[in-house]
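Enquirer: Here it is: the structure, laid out below.
The values are calculated or read from the model by the stated rules, or taken from the named source; none is laboratory data. Since this is a predicted model, take the numbers as computed values, not measurements. Glycine gets a Cβ as well: all are built from the backbone with ideal geometry, and neighbour counts include every protein chain shown. Note: accessible area is taken over every heavy atom of the protein model, side chains too, but ligands, DNA and RNA are not part of it. Shrake-Rupley method; radii C 1.70, N 1.55, O 1.52, S 1.80 Å.
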Amino acid sequence: MLSGNLVNGGTSISCPHGGRVVPASAPSSGVRADGHPVPTAADVFTVIGCRHTTGGVPHPCATVRWTPARGGVLIDGSPVLLDTTPALCFSTALVPQGPPVVIQAARGVSSR
């Protein structure tokens, strides 16, 4: 059984070096949770502001690839992302840079 918190637009995601991870475009599903769009594994995520260097040469994270397990919840045939979904950040040369850091937003009270 899969467990974890649903990733949505209120979730803070960063690369292991502090760069901000964001969907490259609005999540394609149109589904919302807690008023925020819900991305799926089909959406492309980019990294902004990674300052990772190797030997003084910049090698920033550029993208994130998620590897969801089978048997989870699907939206339009694509797996939703949980804060426990395995993922890796990659440089522009497709060198693995480590897993992203996923922090769930605090849930607030809202009225309709």
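Every residue, every condition in (1) over 13 Å from Val21 (Cβ atoms); (2) without any contact (Cβ under 8 Å) to a residue 24 or more places away in the chain, yes or no:
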{"residue": "Arg51", "(1), (2)": "yes, no"}
{"residue": "Val64", "(1), (2)": "no, no"}
{"residue": "Pro96", "(1), (2)": "yes, yes"}
{"residue": "Pro99", "(1), (2)": "no, no"}
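Enquirer: If you scan segment 14-61, which residues turn out to be among the β-branched types (Val, Ile, Thr), open to solvent by 60 Å² or more (accessible area, probe 1.4 Å) and not in a loop (DSSP other than H, G, I, E, B)?
Expert: Ile48, Thr53, Thr54, Val57
Enquirer: Also: Across segment 66-83, what is the total count of residues that are in contact (Cβ under 8 Å) with a residue 60 or more places away in the chain and closer than 16 Å to Val47 by Cβ?
Expert: Here the count works out to 1.
Enquirer: While we're here: Output yes when any residue across segment 96-108 is in a loop (DSSP other than H, G, I, E, B) and at pLDDT 90 or above, and no when none is.
Expert: Pass one, segment 96-108, residues in a loop (DSSP other than H, G, I, E, B): 99-100, 104-108.
Cutting the leftovers down to at pLDDT 90 or above gives us 99-100.
Checked segment 96-108: at least one residue is in a loop (DSSP other than H, G, I, E, B) and at pLDDT 90 or above.
Enquirer: Applying the selection to segment 62-100, what residues are out of contact with any Phe, Trp or Tyr (no Cβ under 7 Å at 6 or more places or on another chain), more than 15 Å from Leu2 (Cβ to Cβ) and either of a type in the set (Gly, Ala, Ser) or surrounded by 19 or more Cβ atoms within 10 Å (Cβ to Cβ) (or both)?
Expert: Passing the criteria: Gly77, Cys89, Ser91, Ala93, Gly98, Pro100.
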